[in-house]
1. Do the sum for the chain: with -39,500 (n - 2.57) for every DSSP H run of n ≥ 4, divided by all residues, what is the mean residue ellipticity at 222 nm, to the nearest 500 deg cm²/dmol?
2. With a 1.4 Å probe and all protein chains kept in place, how much accessible area does E257 have, in Å² rounded to the nearest 10?
3. Would you please give the residues with an amide H less than 5 Å from that of Y174, counting only those at least 5 places away or on a separate chain, with H modeled from the backbone geometry?
4. Taking 1 over the mean of 1/r across every pair of different Cα atoms in region 84-123, what Kirkwood radius in Å do you get?
5. Working only with C-alpha atoms, what are the Rg and Dmax values of region 210-257, expressed in angstrom?
6. Karplus couplings for region 399-410 from phi (6.51 cos²θ - 1.76 cosθ + 1.60, θ = phi - 60°), rounded to Hz, Gly and Pro as x?
7. On the protein heavy atoms, probe 1.4 angstrom, tell me the percent of accessible surface of region 313-391 carried by carbon and sulfur.
8. What does the accessible area per residue of region 287-363 come to in Å², with a 1.4 Å probe and no ligands, DNA or RNA counted?
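The values are calculated or read from the model by the stated rules, or taken from the named source; none is laboratory data. Model, not experiment: these values are computed from the prediction. Glycine also receives a Cβ, built like all others from the backbone with ideal geometry; neighbour counts cover every protein chain displayed. Keep in mind that these areas ignore ligands, DNA and RNA; they rest on the heavy atoms of the full protein, side chains included. Shrake-Rupley method; radii C 1.70, N 1.55, O 1.52, S 1.80 Å.
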Amino acid sequence: MATVGCNLNEDTNTNLASQEIHNKIQEENEVQNLQQFHLGMTIDKVREVLEANDIEIINEIENTGDSDAWDWGNKSIWTEGISFTFDHDYILYELEYENDEATELGVKAGDKIDLLKEVYGNNYKLYSYDQLVDLGVVISKDLTAEIYEYQMEDHYFRVFVIDSKITSWGISKYKLGTNSPITEDYSQVALHKQDNPVKKKLWEEFQHYRELIHADNNSKYTQILASDRARGLLTLDKLGFFKLSEYEFNQVNKSREELRSVLEHSVVYSGYSSNNEHIIAIISPQSYESESYQEAINLVANQDDEYEFLSYITEQSDERSLLVGLDLKIESTSVQTDEMNIEKIIVSNPDDSNSDTAYFAEELTDVIAKYKRTKMVNNSLKSGEWYALAYDGTLIYDPVITVFLNGEQVVLSRQ
């Protein structure tokens, strides 16, 4: 069980002078009651210790902010400089010190963050101001607010920081903003994966598009990009390219689920390979609902006439088959690669009942010339450029696009 307070264990070194021993014992006697605060205490025991030390309870509250929150109904007790939080069984799971009480290694409020890192090391999880806002942790309106979270043997140790100065510290049975016990690896190897630059870029872009959606900018383009970045984060986390925290995973997964229904009729598909190649495909609109994606299609392809181009391919197909255009782009986001080769592209039904290979159809020659598009030669394509293909969609009712790239099968999704 974690114990909070100064590290005043009696020194048994017989070489200490008698006066030093006397002073040590006296100091221990002065704080022995305060040392009784530890995770797992009952609320009655905490009140008993507070009363014995003449510490006044300023306020007692219950969390009534969100009935769906994991900590709904949990109780908190506030005193001058110390706060206690209890679960539904009134068992203490979190302690926070805002006074001059020091940790067992001597760190306290008012110290510089450099001292924390010197004493406790660099194996910590850092929460930015934006993450604290998302978690509902209100500590300051100052954009410099951060929380450093360390893993101890059976609990988390957290330090609240503003302008590189510690404002408070505490311990908790749970990871910040969750009721999750010790589950993650905060070693340097794991933290390096968490700080992966590709992850950082995807995360920032995901948050950006997510904020636009929450601000009622519900354009199809914004929804598509938010879903795509969420897909990238989840896919590359699963493939071990980087590591998402539990909080990050839950937030991304929740957002993607919310976007599934609104992107039901999207004609924009995307996926990520294990080498972090980002693959995007746009197919010809085939339904009335697809018309609402016209602006999004043009923006994704960065072409004012992309929707018209892909529609024209289908409109020109003969009566015997339904030729569907497929515009494809592959970009490498972690390693600069000028050219890539794909083995093939298969478009099929979800149950594999029917499938067709996307190819450069002769019918596309005039269309490509008309709309000034690029033809793929020998399955070779330059990173970041669009290439026009087509497939027979006569018997394909809900396309699943699989790209065979460098021996890997990358399945593209629209939701």
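1. Details: 11 runs with 124 residues, N = 415.
Mean residue ellipticity, 222 nm, calculated: -9000 deg cm²/dmol.
2. Approximately 100 Å² of E257 is accessible to the 1.4 Å probe.
3. Hits under the 5 Å cutoff: Y156.
4. On the way: mean 1/r = 0.0837 Å⁻¹.
Mean inverse Cα-Cα distance, inverted, gives 11.9 Å.
5. Rg then Dmax for region 210-257, in Å: 11.4, 34.
6. These are the phi-based 3J(HN,Hα) values: x, 10, 9, 10, 9, 8, 10, 6, x, 10, 9, 9 Hz.
7. On the way: 1800 of 4360 Å².
Carbon and sulfur together cover 41 percent of it.
8. Details: 4370 Å² over 77 residues.
I get 57 Å² per residue for this part.
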